Amino acid sequence: MNEAPRVDRLPVSRLRAPALIGLGAAAAFTALRLRDPHTEGSWGFCPFLAMTGRPCPGCGGLRAVNDLTHGDVIGAISSNALAVALVVVLAAAWVIWVVRALRGSSDPMIQLGHRTGLLVIGLIAVFGVVRNLPFGTWLAP
Amino acid sequence: MPHRPYASWGARVGAYLLDGVITFGVVIIPVVIGLIIVFKDAEWNDATDEIIESSINWGGFGLVALGGLAGMAFTIWNRGIRVGVHGQSLGKKIVGIEVVSAESGQYLGAGMGFLRMILDSILGNACFLNYLWPLWDEQHQTWHDMIVKSIVLTKP
């Protein structure tokens with residue numbers, strides 16, 4: 001009624017991207033809760049697993065997220081430890097991103113330099129190899 | 001170093017899809033004509049419920065194969081050589097983005113453009129992360145961009 005215009009107060013445009021990503025993540029979690037990836041083929045088949053019979057670094061990732069929605073952290077880690085770590089890191093990055101946006105920044109959620117990027121790719125590759133070796137079976141889905 | 005804005009991820013995906021559509025347009029005509037030739041005189045054997053082999057024009061498959069080869073040649077030119085020489089495939093031209101060297105800001109040249117295309121197809125098939133990488137990379141690079149040291153910018 002008698003409120004002063006506060007158009008510039010809320011950084012609505014800066015919060016749009018974090019809000020969309022947050023909604024997208026919530027939708028993905030809901031979908032993975034409702035359609036259980038533990039049912040074989042419910043979300044399709046991994047082409048790598050289908051061709052080689054061996055799990056790729058991403059195999060078990062959807063099951064891990066489903067386990068997390070049930071609060072089963074141990075089950076999630078035994079499905080795909082890397083996916084669990086990724087969920088934790090991304091969730092933290094998202095929270096930090098929202099805080100940054102509220103403070104006036106419009107930076108993207110994550111920015112990786114080449115060295116860090118290479119490290120991430122290396123980590124994924126090592127995880128993919130180790131879970132296929134005899135001593136790494138505890139990392140296999 | 002050029003100081004133009006990086007191409008958005010959406011624009012790059014759009015260009016990729018457009019190149020796919022254009023290539024499909026190149027391939028589909030000889031393939032359809034070839035298949036029409038193959039089956040135009042085909043007769044059905046009602047007794048065995050099979051096609052009569054002698055009624056098939058096998059020569060038509062030559063045109064089908066030619067369509068596949070044309071698609072490969074077109075892709076090498078469009079997504080390899082053209083990107084190297086002019087910075088743009090046809091899809092990139094439509095959305096208004098171009099590939100330049102991260103170091104000199106110049107076009108890559110035909111050879112590096114071709115290498116970039118080959119690496120693109122290998123890395124893209126090996127792992128979908130390659131195509132998501134520009135979303136969080138400092139210089140908005142895919143893995144094949146990093147190897148040939150290219151960046152994708154908006155074209156003014």
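The values are calculated or read from the model by the stated rules, or taken from the named source; none is laboratory data. These numbers were taken from a predicted model, which means no experiment stands behind them. In this analysis, Cβ positions are derived from the backbone assuming ideal geometry, glycine residues included, and neighbour counts consider all displayed protein chains. Calculation scope for accessible area: heavy atoms of the full protein, side chains included, ligands and nucleic acids excluded. Shrake-Rupley method; radii C 1.70, N 1.55, O 1.52, S 1.80 Å.
Listing for the model above:
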{"quantity": "GNM top mover of A:Pro55, A:Pro47, A:Pro37 - chain A, alpha-carbon springs below 10 Å", "calculated": "A:Pro47"}
{"quantity": "Sum of side-chain charges, B:Ser55 neighbourhood, beta-carbon under 12 Å (Lys, Arg +1; Asp, Glu -1)", "calculated": "-3"}
{"quantity": "Surface share of carbon and sulfur [accessible, 1.4 angstrom probe, percent] for the range B:77-156", "calculated": "64"}
{"quantity": "Share of Cα-Cα pairs in the protein assembly as shown lying beyond 27 Å, as whole percent", "calculated": "60"}
{"quantity": "Globularity index of the range B:90-156, i.e. its alpha-carbon radius of gyration over 2.2 N^0.38 Å", "calculated": "1.06"}
{"quantity": "Separation of the A:Leu90 and A:Met51 label points, Cα + 7 Å toward Cβ, nm", "calculated": "2.4"}
{"quantity": "Values of log10 I(q)/I(0), in the order q = 0.08, 0.13, 0.15, 0.21 Å⁻¹, for chain A under a Debye, Cα-only, solvent-free model", "calculated": "-0.31, -0.71, -0.88, -1.31"}
{"quantity": "Solvent exposure, largest accessible area first (probe 1.4 Å, DNA, RNA and ligands not counted), of A:His114, B:His144, B:His86", "calculated": "B:His86, A:His114, B:His144"}
{"quantity": "The range B:50-156: GluC sites (Glu not before Pro) falling in loop per DSSP and having at most 14 other Cβ within 10 Å", "calculated": "B:Glu103, B:Glu138"}
{"quantity": "Extension gain, B:Asn45 back to B:Gln106 (0.36 nm per residue minus Cα-Cα distance, nm)", "calculated": "15.6 nm"}
{"quantity": "In range of the label at A:Asp36: residues from the range A:57-89 whose backbone nitrogen is under 16 Å from the point 7 Å along Cα→Cβ", "calculated": "A:62-73, A:75-76, A:79"}
{"quantity": "Long-range lysine pairs (8 or more apart or interchain), the protein assembly as shown, Cα under 26 Å", "calculated": "4"}
{"quantity": "Square roots of 5 times each gyration tensor eigenvalue, C-alpha, chain B, largest first, Å", "calculated": "42, 15, 13"}
{"quantity": "Cβ-placed point charges (K, R +1; D, E -1), dipole of the protein assembly as shown about Cα centre in debye, nearest 20", "calculated": "1440"}
{"quantity": "Accessible area expressed per residue, the protein assembly as shown, with surrounding protein chains retained (probe 1.4 Å, Å²)", "calculated": "61"}
{"quantity": "Extension reserve of the A:Thr69-A:Thr137 stretch, reckoned as 0.36 nm per residue once the Cα distance is removed", "calculated": "22.1 nm"}
{"quantity": "Cβ-Cβ FRET estimate between B:Leu35 and A:Arg103, R0 fixed at 45 Å, reported to 0.05", "calculated": "0.15"}
{"quantity": "Carbon plus sulfur fraction of accessible area for chain A, probe 1.4 Å, in percent", "calculated": "68"}
{"quantity": "Chain B: calculated mean residue ellipticity at 222 nm from DSSP helix runs of at least 4, using -39500 (n - 2.57)", "calculated": "-17000 deg cm²/dmol"}
